[in-house]
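Below is one structure, written out as structure tokens, with a few remarks after it.
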Amino acid sequence: MTTRTRNRVALGLAAGGLTAVLAACGGGDGDGGGSTTPPPAQNGVTKVDADLADFRITLSEKTFEPGVYDFVAKNTGGHDHALEIEGPGGENRSETVEPGASTTLRVTLKSGTYEFYCPVDGHKDQGMKTEITVGGAEAPTNEPPSPGTGY
């Protein structure tokens with residue numbers, strides 16, 4: 001074989017080997033099932049997205065186990081919002097964020113029931129709230145309030 005042909009064969013073998021290694025390391029969580037609780041991040045903190053809209057809160061996860069969580073609160077509404085969490089682990093509040101902005105609130109959740117709500121300008125009373133049970137049942141869906149309850 002010529003040197004050029006040998007180089008091409010070696011390059012082809014290397015590419016094939018790399019493809020095999022990447023395929024073997026591919027997706028899947030290894031448990032073979034449909035886990036509803038996200039795996040903890042490498043630092044032991046689980047990330048959950050919290051969509052703060054006018055006037056509802058939607059969480060990206062439905063079930064929670066005790067542990068440390070980063071709630072990434074993104075304001076997708078047209079008014080300032082914040083996220084407050086009250087329950088057995090205490091009371092925690094994020095900073096207030098403008099429309100389009102986001103903030104992260106790190107909370108250690110213990111077993112029990114927690115209330116999530118927006119503490120800004122009576123938004124909680126307008127339906128911007130939801131509850132979760134840690135170590136238990138799924139979180140209920142947070143339906144938007146009936147028309148006429150907004151600004």
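The values are calculated or read from the model by the stated rules, or taken from the named source; none is laboratory data. Not measured: the values here are computed from a predicted model. All Cβ positions, glycine included, derive from the backbone under ideal geometry; neighbour counts span all protein chains shown. All accessible areas refer to the heavy atoms of the entire protein, side chains included, with ligands and DNA or RNA removed. Shrake-Rupley method; radii C 1.70, N 1.55, O 1.52, S 1.80 Å.
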When residues of the range 67-82 are limited to those that are among the hydrophobic types (A, V, I, L, M, F, W, C) and in a strand (DSSP E or B), the one nearest to SER111 (Cα to Cα): VAL68
Within the range 60-73, tally of residues that are buried (at least 20 other Cβ atoms within 10 Å of the Cβ) and in contact (Cβ under 8 Å) with a residue 60 or more places away in the chain: 1
Of all residues in the range 30-53 being modelled with pLDDT of 95 or more and more than 20 Å from GLY135 (Cα to Cα), the one that is most open to solvent (accessible area, probe 1.4 Å): ASP51
Residue ID - modelled with the lowest pLDDT, chosen from residues in the range 105-151 that are in contact with a Gly (Cβ under 7 Å, 6 or more places away or on another chain) and open to solvent by 50 Å² or more (accessible area, probe 1.4 Å): THR149
Total residues in the range 74-104, condition open to solvent by less than 20 Å² (accessible area, probe 1.4 Å) and within 20 Å of ASN43 (Cα to Cα): 1
Within the range 83-93, tally of residues that are assigned to a loop (DSSP other than H, G, I, E, B) and within 16 Å of THR130 (Cα to Cα): 2
